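Data block below; observations after.
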Amino acid sequence: MNEIEIKKRIQRKLSEENRKLLKITIKDISKQLLYNFCKGSFFKNKKSISSFISIKSEISTKFLNNFLIESENKFSLPVIINDSEILTFREFNFSSTLVNGKYGTFEPDNSGNEILPDIILTPCLAFDKKGFRLGYGGGYYDKTFSYLKKINHDFISIVVAYENQLVDEVVHDKFDQKINYILTEKDLYKVK
């Protein structure tokens, strides 16, 4: 294991512990997250949006996801198919069925159509204002973003997190992809 991987592991552990200390009600945070997302003018011009269903101590995406499902946009969730290192995005609605994914995530079953989202909401353990995020270590989002850029798919990436997951600098390497926006219960930030 190289030095960067060791630093990432330490940063992941500290970020997980920090997130567990939050005492604000999940319902209030989830509603504020939706409000802040709607401030983004980019939302109105996009046709398809992918989000995720929160697990463990992640910020709740419940209200945001419900709003997006009810909107006129196509809504999808990420899926890991077999041993692929690139995420597939399957359409999801209120009548869709969720199944357990590879890492304890929830994902649509095989009945949803595959789509390429214009906006990709992304979980993280930590983020910095330079646009780097610390994920869980599988590299799925980074590899997916890299692939989408390679095929010239125009998309916006938004990390969704608690404000206190902000760190001075996320440990990163050449494979880590920068995100475009940061969405927290406090605000929506554009990465410069």
inquiry  = Out of I59, I55, I86, I81, I need the residue that is closer than 16 Å to L34 by Cβ and assigned to a loop (DSSP other than H, G, I, E, B). Which one?
reply    = I59
ask   = Is it the case that some residue within region 37-47 is among the hydrophobic types (A, V, I, L, M, F, W, C), farther than 17 Å from L188 by Cα, touching a residue at least 12 places away in the same chain (Cβ under 8 Å) and surrounded by fewer than 21 Cβ atoms within 10 Å (Cβ to Cβ)?
value = no
key: Hits in region 67-77 (condition: touching a helix residue (DSSP H, G or I) at 6+ places or on another chain (Cβ under 9 Å) and not in a helix (DSSP H, G or I))   = S71, N73, F75, L77
note = Inside region 145-163, the number of residues satisfying the requirement of being in contact (Cβ under 8 Å) with a residue 60 or more places away in the chain and assigned to a helix (DSSP H, G or I) is 1
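Tell me whether region 93-108 contains one or more residues that are part of a loop (DSSP other than H, G, I, E, B), without any contact (Cβ under 8 Å) to a residue 12 or more places away in the chain and either among the charged types (D, E, K, R) or out of contact with any strand residue (DSSP E or B) (no Cβ under 9 Å at 6 or more places or on another chain) (or both).
Applying the first criterion (part of a loop (DSSP other than H, G, I, E, B)) to region 93-108 yields 93-97, 101-105.
So of that shortlist, the ones also without any contact (Cβ under 8 Å) to a residue 12 or more places away in the chain come out as 95.
Applying the additional criterion that residues be either among the charged types (D, E, K, R) or out of contact with any strand residue (DSSP E or B) (no Cβ under 9 Å at 6 or more places or on another chain) (or both) yields 95.
Looking for residues that are part of a loop (DSSP other than H, G, I, E, B), without any contact (Cβ under 8 Å) to a residue 12 or more places away in the chain and either among the charged types (D, E, K, R) or out of contact with any strand residue (DSSP E or B) (no Cβ under 9 Å at 6 or more places or on another chain) (or both), one finds at least one in region 93-108, hence yes.
Restricting to region 11-47, and then to whatever is farther than 22 Å from I59 by Cβ and either in a helix (DSSP H, G or I) or touching a Phe, Trp or Tyr at 6+ places or on another chain (Cβ under 8 Å) (or both), can you tell me which residue is modelled with the lowest pLDDT? Please lay out each step first, then the result.
So in region 11-47, the residues farther than 22 Å from I59 by Cβ come out as 41, 44-45, 47.
Subsequent filtering for residues that are either in a helix (DSSP H, G or I) or touching a Phe, Trp or Tyr at 6+ places or on another chain (Cβ under 8 Å) (or both) retains 41, 44-45.
Numbers: S41: 78, K44: 74, N45: 78.
This residue is K44.
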key: Hits in region 173-192 - residues which are part of a loop (DSSP other than H, G, I, E, B), without any contact (Cβ under 8 Å) to a residue 60 or more places away in the chain and touching a Phe, Trp or Tyr at 6+ places or on another chain (Cβ under 9 Å)   = D176, Q177, K178, I179, N180
query = Of all residues in region 89-119, how many are within 14 Å of the chain's Cα centre (by Cα), among the β-branched types (V, I, T) and surrounded by fewer than 19 Cβ atoms within 10 Å (Cβ to Cβ)?
reply = 0
request  = List every residue pair whose Cβ atoms sit under 6 Å apart, with the two residues 6 or more apart in sequence or on different chains, where the first one lies in region 62-80 and is under 15 Å from D118 (Cβ atoms) and in contact (Cβ under 8 Å) with a residue 24 or more places away in the chain and the second, anywhere, is of a type in the set (K, R) and surrounded by 17 or more Cβ atoms within 10 Å (Cβ to Cβ).
outcome  = S76/R90
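I want to confirm something. Restricting to region 120-163 and keeping residues that are basic (K, R) and over 23 Å from S60 (Cα atoms), which single residue is surrounded by the most Cβ atoms within 10 Å (Cβ to Cβ)?
First, pick out the residues of region 120-163 that are basic (K, R): 129-130, 133, 143, 149-150.
From the residues that got through so far, the ones that are over 23 Å from S60 (Cα atoms) too are 130, 143, 149-150.
Working: K130: 13, K143: 16, K149: 12, K150: 8.
Ranking the qualifying residues of region 120-163, first place goes to K143.
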inquiry  = Need the failing condition index for I80 against (1) touching a helix residue (DSSP H, G or I) at 6+ places or on another chain (Cβ under 7 Å); (2) surrounded by fewer than 20 Cβ atoms within 10 Å (Cβ to Cβ); (3) at pLDDT 95 or above; (4) not small (G, A, S), just the number.
reply    = (3)
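The values are calculated or read from the model by the stated rules, or taken from the named source; none is laboratory data. Note that the structure is predicted; figures quoted are calculated from it, not measured. Because the Cβ atoms are built from the backbone with ideal geometry, glycine has one as well, and the counts that use them run over all protein chains shown.
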